[in-house]
């Protein structure tokens, strides 16, 4: 009979787990780089045979070296074909010269160094791209096509996501990823948008809501109707940006290729002079074993992949690594107002009541009545009123909103019955025919609205009872963002908006922007940015907008930044940078990451080159033998690549 008593769980040997994990990592490392494993194995076998037969040991090393040389020559040819500097030529010359002077253990170390560098590059770039790969790996590959919906919602077939066409009905099971953009058919659904915008809290969506691909369905199955094919859906657009960033080469990496050319020439000059002056060909080999430019070949791209990965981790997707280099040099930033510095969702800021009139109900109850009616309206202000009313439900001990006998005149107002009261809400002209005292329409004439305020009026039981004031309120971090940018040394910050000058200046001055362009049409915005470039050709401009109506000016600036919360297709072709979590503070964060990445790359490259040049001079004077030089070069490479890898981490 089994023992059902409670027992102490077995102890876990953490050291054993760590040891096992280390073995797994090492095995994975060598499995991905078999050439490194073979080169190490050749060294071990040659070392064991050296005492009895140096000839056989030498032959094994020479065979390994011939293989290495072939690999290097192929890399040189491919590099020239791709327009790169082909700096592997130094390694090839070092291999040949070291072999000719019969420094077999020195050439073996070079072989190991070359394969170790390639292995480290693969390992570091894989780590740096983890945040990008997470997006790519989560891409939906299939979809459940409802073949006979709405007649038979149970009949579906799983097809490749590329087979889905516009207006097709799709079933998304619990826990699955929404495969394409579409309209929700269910009454309600809960989805996780963290893969799109980094928001950890799932959101609730209702019938008719627009769902974006990449969102993860909650506990219940849902049905949507496709509004875009896979290639045009939100998630695919993001993936296109990710792939573009992965395949691109930043200009600073290309600059590293250019720097490698004088480095190659200087290295060869030092090596030749050492040979001529000493009449010893070994000196030539001693210098060149220290001359392989791995800090340039590997350090620069590793640093930029690290910066790209760090941006992705922060919810910032860039179109190319070229953008990462330019980001750090931004000197003039233009901000759109509505939807960028503000929420684009008018919110209730106060309630005004008619002067000299008794108010039998509180402001809270008045807002509750307004919210009950507006919950059925599609007007742009209705959502703000409903949200404000919803926050007061608990205070009023109400459970929900219920309105009857609703009538709406689009763009004018809406009326209905709530708890036995007739509620009318909308423009004053809409209320004019429904209130008992038309003279009360002038009650608010002495209370003018500010330039950035919008009002809607409410009558209860045919009596004008108040006006609800709404504003397109500032994002809570708008002012902090501007201050952060100024602290980064970016003094030229402008607002460029289609809104009125009075409204724009209120917002701008509140957050510390004093250069305002108001009343701008899309083409006017483009002209403003163009004039900025004409005045100063060295200026690097950035335009921050919502990625929809700002598309022309986003494209005209050096860097176009589209803000999105994942619910819109803001990852447009015109934007080079997409802020996926709709957080303004990611703007200074992106610039900081770009600057730190460039600084890390330069430190890794220049530090490695300077160290190599110093050691080459010492080797030219015979202070460093071939084998020791090869080991020192391995150490330089490891340090340079390791430092480049730190671009993935925050250094604040």
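What to note about this one:
- Every residue from the range 580-601 that is outside any helix (DSSP H, G or I) and surrounded by fewer than 21 Cβ atoms within 10 Å (Cβ to Cβ): 581, 583, 585
- Filtering the range 443-468 to residues that are crowded, with 20+ Cβ neighbours inside 10 Å and touching a residue at least 40 places away in the same chain (Cβ under 8 Å) leaves 443, 452, 456, 458, 460, 464, 465, 466, 467, 468.
- Here the condition is being in contact with a helix residue (DSSP H, G or I) (Cβ under 8 Å, 6 or more places away or on another chain), at pLDDT 65 or above and either under 27 Å from residue 635 (Cβ atoms) or surrounded by 22 or more Cβ atoms within 10 Å (Cβ to Cβ) (or both); of 269, 258, 252, 298, it holds for 298 alone.
Yes or no, residue by residue, for (1) within 20 Å of residue 376 (Cβ to Cβ); (2) at pLDDT 90 or above; (3) not in a strand (DSSP E or B):
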{"site": "423", "(1), (2), (3)": "yes, yes, no"}
{"site": "434", "(1), (2), (3)": "yes, no, yes"}
{"site": "445", "(1), (2), (3)": "no, no, yes"}
{"site": "451", "(1), (2), (3)": "no, no, yes"}
{"site": "455", "(1), (2), (3)": "no, yes, no"}
{"site": "465", "(1), (2), (3)": "yes, yes, no"}
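- Qualifying residue in the range 480-489 (condition: closer than 11 Å to residue 341 by Cβ and either outside any helix (DSSP H, G or I) or in contact (Cβ under 8 Å) with a residue 12 or more places away in the chain (or both)): yes
- Candidate set from the range 392-411 (those that are in a loop (DSSP other than H, G, I, E, B) and at positive phi); member that is modelled with the highest pLDDT: 411
- Which numbered condition residue 50 fails, given (1) farther than 27 Å from residue 283 by Cβ; (2) at pLDDT 85 or above: (1)
- Within this structure, residue 351 passes the test of being crowded, with 16+ Cβ neighbours inside 10 Å and under 45 Å from the mean Cα position of the chain (by Cα).
- If you go through the range 607-641 and keep only what is assigned to a helix (DSSP H, G or I) and without any contact (Cβ under 8 Å) to a residue 40 or more places away in the chain, you end up with 610, 611, 614, 618, 628, 635, 639.
- Within the range 173-194, the residues that satisfy the criterion of being touching a residue at least 40 places away in the same chain (Cβ under 8 Å) and either buried (at least 18 other Cβ atoms within 10 Å of the Cβ) or over 20 Å from residue 231 (Cα atoms) (or both) are 173, 174, 175, 177, 178, 179, 180, 181, 182, 184, 185, 193.
Residues checked against (1) surrounded by 15 or more Cβ atoms within 10 Å (Cβ to Cβ); (2) assigned by TED's automatic domain parsing to the domain that holds residue 564; (3) touching a strand residue (DSSP E or B) at 6+ places or on another chain (Cβ under 6 Å):
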| position | (1), (2), (3) |
| --- | --- |
| 374 | yes, no, no |
| 383 | yes, no, no |
| 392 | yes, no, no |
| 402 | no, no, no |
| 407 | no, no, yes |
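- Looking only at residues in the range 68-85 that are in contact with a helix residue (DSSP H, G or I) (Cβ under 8 Å, 6 or more places away or on another chain) and farther than 18 Å from residue 627 by Cα, the one that is surrounded by the fewest Cβ atoms within 10 Å (Cβ to Cβ) is 73.
- Count of the range 148-172 residues which are more than 34 Å from the chain's Cα centre (by Cα) and surrounded by 13 or more Cβ atoms within 10 Å (Cβ to Cβ): 3
- Where helices (runs of 4 or more DSSP H) fall wholly inside the range 61-163, the ranges with 1 or more residues that are more than 17 Å from residue 289 (Cα to Cα) and modelled with pLDDT under 85 are 104-128, 130-137.
- Test result for residue 629, surrounded by 22 or more Cβ atoms within 10 Å (Cβ to Cβ) and at pLDDT 85 or above: yes
- Among the residues listed as 634, 573, 585, the single one being closer than 22 Å to residue 540 by Cβ and either modelled with pLDDT under 90 or out of contact with any helix residue (DSSP H, G or I) (no Cβ under 8 Å at 6 or more places or on another chain) (or both): 573
The values are calculated or read from the model by the stated rules, or taken from the named source; none is laboratory data. This is a predicted model, so every value here is computed, not measured. Heads up, the Cβs are rebuilt from the backbone with ideal geometry, glycines too, and the neighbour counts pull from every protein chain shown.
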